[in-house]
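The values are calculated or read from the model by the stated rules, or taken from the named source; none is laboratory data. As the structure is a prediction and not an experimental result, all values here were calculated from the model.
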Amino acid sequence: MNINQLRKELERDEGCKYEIYLDHLGYPTFGIGHLITDDDPESRVWPHGLGKTSVGVEVSEERVKEALILISKQFCQTAAVYMNTLMICLKKSN
């Protein structure tokens, strides 16, 4: 997988913000739609947790790339598990 090509295509299709914003459901997000979770360093920056006060806080280009790489790897691992399960099911049905 070419992560740079993926990033460019996603940026073109989805847009990219180098700051924290609220997505259409009101959840804190940055980059190319990266939902901030408790595991993200951005969730620990503010003593009262994430909220509307976090909106507009800058996120570096490097961090945006890091988050995209991480989610891409997680997606590929999950897809591989599902494909393996599908292949097992198909073999059993033959």
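Among the conditions (1) part of a loop (DSSP other than H, G, I, E, B); (2) modelled with pLDDT of 85 or more, PHE30 misses just one, which is (1).
Conditions tested, residue by residue: (1) charged (D, E, K, R); (2) at pLDDT 90 or above; (3) on the phi < 0 side of the Ramachandran plot.
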site	(1), (2), (3)
ASN4	no, no, yes
LYS8	yes, no, yes
GLU19	yes, yes, yes
GLU66	yes, yes, yes
ALA80	no, no, yes
SER93	no, no, yes
